[in-house]
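Undergrad: Quick one: this structure, given as structure tokens, is what I'll be asking you about.
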Protein chains: 2
Amino acid sequence: MDAPSRLADRMQRGDVFAPRCPSREVLKHVTSTWGVLVLIALRGGTLRFSELRRKAAGVSERMLAQTLQQLEGDGLLVRRSYPVVPPHVEYSLTEFGQEAAQHVEALADWIEERLPELAKAAEP
Amino acid sequence: MDAPSRLADRMQRGDVFAPRCPSREVLKHVTSTWGVLVLIALRGGTLRFSELRRKAAGVSERMLAQTLQQLEGDGLLVRRSYPVVPPHVEYSLTEFGQEAAQHVEALADWIEERLPELAKAAEP
DNA sequence: GTCCATACTTACCTCTGCGTACGTACTTAC
DNA sequence: GTAAGTACGTACGCAGAGGTAAGTATGGAC
């Protein structure tokens, strides 16, 4: 539970409790406001940029592009661009992305379901 | 074409895709950098402030206090303070907190396990 | 010709996440 | 007397999150 004593151990498995562990970076991307929504939205299948933008209501183009690049950099989604006249780009989850999205959606679902009870318990 | 009675149904469950939904607030707290670590740390049982601080390496006192207050406000953990000479405060998860922490830990665990594969797939 | 849609990028500006440093009130240890 | 541990609160400041507006290239609708 404490700081890993061996360098080799750290390379084998991540440790979110360790400040320098790259797993914190991935976790940051996956649990970011827009990262969560993008992952869940893409669980339904491939989507285009503008479709994602409409689905994750409230996201700006800037943040959506940045979020997509981060998740692509983490190997969680793939970008397919077709060189056609009106730009056409498709985003879909990799196998890793599917697994991550599953966990993220489970959490989001739980919050959505429990929200009324939480709100009631939190402010009496 | 208005159905005010149906609106109440919408209030029953959260929707993270809706910008104004309070579930986004809870999600923000739960998935924040320190929120994640606190929830996971407290799955092992009750902990004191300084114990949490040591466990979640890298957190500042300021951020830990703020994170704890947010999670308490969401009804995910309870704070018990004993009026003794050196301050003694205990934090533990509520039932809701246990459930939330379970999902969060599942996600963190997944990232920790897949990290080497992700890193390999992400930088060719 | 003008407007719109697509998938971005860049410049600019605001807001807040977060660390640092210090203060508090008290006790124990040196 | 000084330091340290406990559980915070507060003031300061930087860096990054994140919104808005504009630009790019191109074809179709009007």
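Undergrad: Considering only region B:88-103, state which residues are of a type in the set (A, V, I, L, M, F, W, C) and more than 25 Å from A:Asp109 (Cβ to Cβ). Before you say what the answer is, go through the steps one by one.
TA: Let us first name the residues in region B:88-103 that are of a type in the set (A, V, I, L, M, F, W, C), namely B:89, B:93, B:96, B:100-101.
Of everything in region B:88-103, just one residue is of a type in the set (A, V, I, L, M, F, W, C) and more than 25 Å from A:Asp109 (Cβ to Cβ), namely B:Val89.
Undergrad: Take the residues in region A:42-56 that are more than 10 Å from DNA strand C (Cβ to nearest atom) and more than 8 Å from every other protein chain (Cβ to nearest Cβ); name whichever of them is least open to solvent (accessible area, probe 1.4 Å).
TA: Of the residues in region A:42-56, the ones more than 10 Å from DNA strand C (Cβ to nearest atom) are A:42-46, A:55-56.
From what is left, the residues that are more than 8 Å from every other protein chain (Cβ to nearest Cβ) are A:42-46.
Numbers: A:Leu42: 2, A:Arg43: 97, A:Gly44: 77, A:Gly45: 27, A:Thr46: 70 Å².
Filtering region A:42-56 for residues that are more than 10 Å from DNA strand C (Cβ to nearest atom) and more than 8 Å from every other protein chain (Cβ to nearest Cβ), the one least open to solvent (accessible area, probe 1.4 Å) comes out as A:Leu42.
Undergrad: Touching a Phe, Trp or Tyr at 6+ places or on another chain (Cβ under 8 Å), modelled with pLDDT under 95 and open to solvent by less than 30 Å² (accessible area, probe 1.4 Å): is that true of A:Ala121 in this structure?
TA: Numbers: touching a Phe, Trp or Tyr at 6+ places or on another chain (Cβ under 8 Å): yes; modelled with pLDDT under 95: yes; open to solvent by less than 30 Å² (accessible area, probe 1.4 Å): no.
For A:Ala121, the condition - touching a Phe, Trp or Tyr at 6+ places or on another chain (Cβ under 8 Å), modelled with pLDDT under 95 and open to solvent by less than 30 Å² (accessible area, probe 1.4 Å) - is not met.
Undergrad: Still on this structure, I have one more. Can you confirm whether region B:24-41 contains a residue that is modelled with pLDDT under 95, away from DNA strand C (no atom under 16 Å from the Cβ) and open to solvent by 40 Å² or more (accessible area, probe 1.4 Å)?
TA: Scanning region B:24-41, I find no residue that is modelled with pLDDT under 95, away from DNA strand C (no atom under 16 Å from the Cβ) and open to solvent by 40 Å² or more (accessible area, probe 1.4 Å), so the answer is no.
Undergrad: If the requirement is being closer than 21 Å to B:Pro22 by Cα, away from DNA strand C (no atom under 16 Å from the Cβ) and among the aliphatic types (A, V, I, L, M), which of these qualifies: B:Leu77, B:Leu68? Talk me through it step by step, then tell me what you get.
TA: Values: B:Leu68 fails: away from DNA strand C (no atom under 16 Å from the Cβ).
Of the residues listed, the single one that is closer than 21 Å to B:Pro22 by Cα, away from DNA strand C (no atom under 16 Å from the Cβ) and among the aliphatic types (A, V, I, L, M) is B:Leu77.
Undergrad: Right, something else. Inspect region B:9-16 for any residue being at pLDDT 95 or above and open to solvent by less than 30 Å² (accessible area, probe 1.4 Å) and give the result as yes or no. Quick ask: steps written out before the conclusion?
TA: Initial filter on region B:9-16 (at pLDDT 95 or above): none.
There is no residue in region B:9-16 that is at pLDDT 95 or above and open to solvent by less than 30 Å² (accessible area, probe 1.4 Å).
Undergrad: Which ones in region A:79-95 are touching a strand residue (DSSP E or B) at 6+ places or on another chain (Cβ under 9 Å) and farther than 14 Å from A:Leu52 by Cα? Working first, answer last.
TA: In the first step, residues of region A:79-95 are kept if they are touching a strand residue (DSSP E or B) at 6+ places or on another chain (Cβ under 9 Å); the result is A:79-82, A:87-94.
A:Arg80, A:Ser81, A:Tyr82, A:Pro87, A:Thr94 - these are the residues of region A:79-95 that are touching a strand residue (DSSP E or B) at 6+ places or on another chain (Cβ under 9 Å) and farther than 14 Å from A:Leu52 by Cα.
Undergrad: Residue under question is A:Arg62, and the condition is that it be farther than 25 Å from B:Lys120 by Cβ and at the interface with chain B (Cβ under 7 Å from one of its Cβ atoms); does it hold? Talk me through it step by step, then tell me what you get.
TA: Numbers: farther than 25 Å from B:Lys120 by Cβ: yes; at the interface with chain B (Cβ under 7 Å from one of its Cβ atoms): no.
Judged against the criteria, A:Arg62 is not a match.
Undergrad: Now, a different point. Can you work out which of the residues in region A:27-81 that are away from DNA strand D (no atom under 15 Å from the Cβ) and among the charged types (D, E, K, R) is farthest from A:Glu99 (Cα to Cα)?
TA: We begin by selecting, within region A:27-81, every residue away from DNA strand D (no atom under 15 Å from the Cβ); these are A:40-47, A:51, A:72, A:75-80.
Imposing the further condition that a residue be among the charged types (D, E, K, R) reduces the set to A:43, A:51, A:72, A:79-80.
Working: A:Arg43: 10, A:Glu51: 22, A:Glu72: 15, A:Arg79: 18, A:Arg80: 20 Å.
Across region A:27-81, the extreme among qualifying residues is A:Glu51.
The values are calculated or read from the model by the stated rules, or taken from the named source; none is laboratory data. Computed from a predicted structure; not experimentally measured. Cβ sites come from the backbone with ideal geometry, for glycine too, and all protein chains shown count toward neighbours. Please note that ligands, DNA and RNA were not included when accessible areas were found on the heavy atoms of the full protein model with its side chains. Shrake-Rupley method; radii C 1.70, N 1.55, O 1.52, S 1.80 Å.
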